[in-house]
């Protein structure tokens, strides 16, 4: 995020990590795609509806509605709490207790690398790349299950480009005990899609929005999907999934960030914030590197500092946010290129699985051609990861990987779980504090 790399006045660098690390990741041992089984595996056809009484515009059971009119205190039955503990806590304890360095807690399954929108800051799609096959998805889920991972985050591109495929993946993973996370820009999130994902057992839906009204540079907007959003919020009390806004902060949407934060607060959902970033590695297909108004320059720092202070104040007032106050404060350092080593666990407790079944340590390095292995045959080398992270951590603001790193000390994690248990797991957001 340093000025020479993101400035609109001069052509920014094509990547944010140092030249030597970039050369290793893009010209080192080259990855090879996962080979399909013979015959290729398939995903089972979901049983739908499993819960016909929950379909359509039904009223939620009153016992699951927020208590006393407080949207932060949704009541959860023991099975819902059990799903969260089975997905997060038990794999975490397993990773701490077992020998070795590779124990994924969360895996990002990139079912798509295509998107139906063109956000001008986003390099994370290429519409020429085929989506994941059922064979690759099944091999990946079975392997992750065997090694003890129980959190599966579907990723894109836009995940809902193939809604029937996503329904199959969510259904199969949930039946195997995974806590399943689905992100979307919402444009394809029709009520029937919401019902299918809820019925299949999705745990969390991440709604990525950057503005209220659609604009050319930031097409991920709330108003074009208002009816879908209202249905999504209502049905969370029927299917027991959670919802949060994922908001990217740029110089041109500061007021939108505030409005989206207030809307999330009004309906009792959490928010997650990111500072706009140029690509970590070179992206030949990305066409918005130059003269891009969404890139942050030094001239924008005072206004974004003020926004961050506003967000911190709102969190202190009780607004639900995935980012901790400590992490929000670090945005200022990150924006100035001064973020320090934060003990990233990528390639150890979090991994990505690309559409072709190849593995990588983290989302920003999706396009790296370095060979970290494939599903069933990981090749993560602790020494290589440690060397790489010395170069990339100062340029990376990953909320989930930061939370993994921060809570990886057992005392922190167990203290947080105990705190949530004493509150009945009400209002849990994922943010961690000392």
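No value in this document is a laboratory result; all are computed from the given coordinates. Note that the structure is predicted; figures quoted are calculated from it, not measured. Because the Cβ atoms are built from the backbone with ideal geometry, glycine has one as well, and the counts that use them run over all protein chains shown.
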**Study point:** segment 300-378: relative contact order as a whole-number percent, Cα under 8 Å and 6+ apart
**Key:** 17 percent
Review point. Tell me, Kirkwood radius of the chain from alpha-carbon pair distances, in Å?
Key: 22.1 Å
**Study point:** Taking 282, 53 and counting other C-beta atoms within 10 Å, the order from fewest to most
**Key:** 53, 282
Practice item. Tally the DSSP beta bridges in the chain and give the antiparallel ones as a percent, rounded to 5. Key: 15 percent
